[in-house]
Amino acid sequence: MRKIFNFSAGPAALPEPVLTKAAKQMLDWQGSGQSVMEMSHRGEHYMSIHADAQQRLRRLMNIPDSHKVLFLQGGATQQFAMLPMNLASTGQSVDYVNTGQWSKKAIAAARDFGPVNVAATSESDNFTNIPPVESWSLDPDAAYAHICVNETIGGVEYFFTPETNNVPLVADISSTFLSRQVDVSRYGLIYGGAQKNIGPAGLAIVIIREDLLDRVRPGTTSMLSYKAHADADSMLNTPPTFAIYMAGLVFEWLEGQGGVQAIEALNKEKAALLYQAIDNSSFYSNPVDPDCRSRMNIPFTLADDSLDKAFLAGAESNHLIQLKGHRSVGGMRASIYNAMPLAGVQALIDYMLDFEKTKA
Ligand code: PMP
């Protein structure tokens, strides 16, 4: 057993049994005499790993036949550009809801390709809430409507799926992927980087409704075309084979934990404990509206920020690492993805209470 609890926002902690299995298979995958990293991506061994990972993800998320799964590279950031290139025709407007730093980046990238309507924003409230849906000015002619389901930096999460009628709903689920159940049929496209709940960095996953594939702008180079990737079953070029293999092991682990429904219940419990500890104290605080507080990324500040360094140093000596908040908001941030056990959250709470007693 490793001794530390890692609260990194991503790349993030992976389940220990997954790392142990990968270590065991490192030199010789299932008697093949090869490491997964050394396999031809077109060979039968890797092809079975690729297909297995995809099937497990489809099962875990209950992905309907109407939607394709793509394993891509370039991170979620590349998706910020691929979305308008693939889904909006030249000059067609796109809708975005701005709930934090990742929404802002997605909006800025979309503006390179055409007009963007920011249908709602919580920027004037310092991104501490989700604007009420009734106030959103959605455009019925938009190519799509985009939300960031979980703002990894601000710790703001949607617990509802907005109704966008005939306009396809597009969602960045980078930091909430597989942490809770999602009705995929409600979305035109879902995407995210893998390096939080799914596996190592280097893999991005896109789940796209098939009828949207044909919207790709003429002249789009194949590497940036969903249709080209879908037609090639994510094998247009050499895919990130090792990252996909690791994702497959994480999917297998998650199925063994009882799937998304079971992990969602645990994630609710973990987050509730930590928010309760924060709310019961006058020393720690979290500014986000209770109805949209993230279950994955929990930012908090100390009443006296001159104690931040001492808090982090004490945390490290208690084997609690990577708790420093994002540079844009300061304070602390505890990312408690699927791989964070309840014991890790309890250890953090115990440490916070001790620190408060000695310093407050
Ligand atoms: N969206 C969200 C919500 C994120 O948290 C991140 C990364 N932290 C990104 C997009 C960007 O992902 P990547 O670094 O994989 O490009």
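No lab work stands behind these numbers, since they all come straight from the coordinates. From a predicted model like this one, the values you see are computed outputs, not experimental measurements. Don't worry about glycine lacking a Cβ; one is built from the backbone with ideal geometry, like all the others, and counts go over all protein chains shown.
In the range 97-191, the ratio of gyration radius to Kirkwood radius, Rg to Rh, stands at 0.92 when only Cα atoms are counted. The phi-based Karplus calculation (6.51 cos²θ - 1.76 cosθ + 1.60; θ = phi - 60°) puts the 3J(HN,Hα) values of the range 261-273 at 4, 5, 5, 4, 4, 5, 4, 4, 5, 4, 5, 4, 4 Hz, whole numbers, x for Gly and Pro.
Helical content of the chain, expressed as a calculated mean residue ellipticity at 222 nm, amounts to -11000 deg cm²/dmol (DSSP H runs of 4 or more residues, -39,500 (n - 2.57) each, divided by residue number, nearest 500). Taking amide H as placed 1.01 Å from N in the peptide plane, Val156 has its amide H under 5 Å from the amide H of Glu151, Ser294, each at least 5 places away in sequence or on another chain. The three principal axes of the C-alpha atoms in the chain carry coordinate ranges of 63, 58, 30 Å, sorted with the longest axis first. Straight-line cross-link partners of Lys357 among the lysines, defined as a Cα under 18 Å from its Cα and at least 8 positions apart when in the same chain: Lys309.
Show me the three semi-axes of the equivalent ellipsoid for the range 178-273, from the C-alpha gyration tensor (sqrt of 5 times each eigenvalue), largest first, rounded to whole Å.
Values: eigenvalues 170, 58, 22 Å².
Here the semi-axes work out to 29, 17, 11 Å.
Averaging 1/r over each pair of different alpha-carbon atoms in the range 222-310 and inverting the result gives 17.1 Å, the Kirkwood hydrodynamic radius. In whole angstrom, the range 287-333 maps to an equivalent ellipsoid with semi-axes of 20, 13, 9, each derived as √(5λ) from the alpha carbon gyration tensor and ordered largest first. Distance between the C-alpha centres of the range 190-241 and the range 34-63: 15 Å, rounded to the whole angstrom. Straight-distance candidates among the aspartates and glutamates for linking to Lys324, with alpha-carbon spacing under 16 Å and chain neighbours fewer than 8 residues away dropped: Asp304, Asp305, Asp308, Glu316. Ranking of Arg56, Arg2, Arg186 by neighbouring Cβ atoms within 10 Å, starting from the fewest: Arg2, Arg186, Arg56. Within a straight-line Cα-Cα reach of under 14 Å, Lys24 can be paired with the following aspartates and glutamates, leaving aside sequence neighbours fewer than 8 residues apart in one chain: Glu16.
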